Ligand SMILES: NC(=O)c1ccc[n+]([C@@H]2O[C@H](COP(=O)([O-])OP(=O)(O)OC[C@H]3O[C@@H](n4cnc5c(N)ncnc54)[C@H](OP(=O)(O)O)[C@@H]3O)[C@@H](O)[C@H]2O)c1
């Protein structure tokens with residue numbers, strides 16, 4: 001895990017008044033870039049005396065990208081995928097702070113789509129997973145600077161990761177998405193049931209799928225409270241019925257995560273934090289077992305598997321103001337699989 005991240009400090013909407021780690025800190029009177037309308041979220045560059053638009057430093061009006069000269073590591077940034085304020089203004093909260101989220105398990109699958117969706121909406125995103133950040137697979141802004149490498153199955157690593165994440169987000173976290181999950185199979189790909197699941201597998205599955213979400217939510221509580229943030233737990237259709245491929249440890253860990261969502265929603269609501277769950281059915285990612293399509297298409301009324309982007313849309317909705325009175329809910333997204 002690296003320590004510092006400069007990812008936002010040269011943004012037009014940040015800098016002075018940036019909250020210090022551990023607390024919201026002082027507010028700058030106006031933190032919007034010139035020409036940014038926080039009501040309509042439209043960026044219109046002001047016109048200078050020469051009749052030409054004045055762009056914020058680093059903004060390239062030809063490519064419509066917003067460039068920073070160097071990454072945290074000092075190397076040149078790949079600007080290709082950077083968002084322009086002209087196209088994607090930063091998502092700001094009511095105090096003019098850029099909305100910031102933490103997504104676990106963002107390196108592929110559903111987590112990957114969640115990052116892309118929120119990046120498109122102008123959020124700053126901190127990611128974590130076991131592997132180092134891969135620019136070629138994850139072409140979003142500030143990726144390497146805002147990636148925390150951590151094994152969520154390791155009780156010792158999570159508290160250290162939380163310290164690192166708190167330092168990075170600087171006092172406010174608008175969304176925590178507990179997406180990372182594992183679904184182990186037997187040595188030949190077979191389903192592990194209550195008789196065949198080894199104890200160490202039970203422990204591992206429950207650590208990644210259930211304990212990591214509670215440790216992160218507790219560890220980042222102050223930041224979530226400061227932002228009146230939102231927690232989204234990715235559960236599963238298998239938490240409510242036996243599945244031909246997903247094992248018993250996985251299914252019970254997801255059922256427990258559903259219950260945790262309800263409990264945490266009740267505990268966190270007085271502090272202004274909403275907690276919800278999304279229970280996907282069969283979504284096309286690496287986690288699916290071979291044969292899922294053949295087995296499930298006849299059983300899914302919509303006659304297709306789901307796409308990670310469809311889950312990402314729902315996560316975004318739950319983290320948005322549009323869902324401001326929704327908490328303690330689990331929303332199914334499964335093409336009608338449970339009907
Ligand atoms: N796809 C589906 O049909 C489906 C259905 C229901 C529920 N879900 C749930 O949706 C979530 C995402 O699933 P997915 O299909 O996108 O899975 P996936 O493609 O297998 O991706 C899992 C992600 O979790 C990370 N991860 C795994 N173990 C980790 C650990 N110990 N510490 C930190 N990160 C870890 C992985 O990154 P690293 O390998 O780099 O660590 C990866 O980014 C999971 O919670 C899953 O249970 C999926």
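Every number here is computed from the coordinates shown, using simple stated rules; none is lab data. Nothing here was measured: the structure is a model prediction, and the numbers come from that model. In this analysis, Cβ positions are derived from the backbone assuming ideal geometry, glycine residues included, and neighbour counts consider all displayed protein chains.
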Modelled FRET efficiency - R0 30 Å, residue 199 with residue 309, Cβ distances, 0.05 increments: 0.20
May I ask you to order 161-169, 322-330 by the average number of other C-beta atoms within 10 Å around their residues, highest value first? 161-169, 322-330
Rounded, prolate or oblate: which fits segment 229-293 when a ≥ b ≥ c are the square roots of the eigenvalues of the alpha-carbon gyration tensor, with rounded for a/c under 1.5 and prolate only if a/b beats b/c? prolate
How big is the antiparallel share of DSSP beta bridges in segment 90-333, given as a percent to the nearest 5? 5 percent
Find how much the distance from residue 50 to residue 293 grows on full extension, using 0.36 nm per residue of separation minus their present alpha carbon separation; answer in nm with one decimal. 81.4 nm
Using only the Cα atoms of segment 182-339, build the gyration tensor, take square roots of its eigenvalues as a ≥ b ≥ c, and label the shape rounded, prolate or oblate: rounded if a/c is under 1.5, else prolate if a/b is larger than b/c, else oblate. oblate
Per 0.36 nm of contour for each residue apart, how much would the distance between residue 271 and residue 135 grow if the chain were fully extended, relative to their Cα-Cα spacing? 45.3 nm
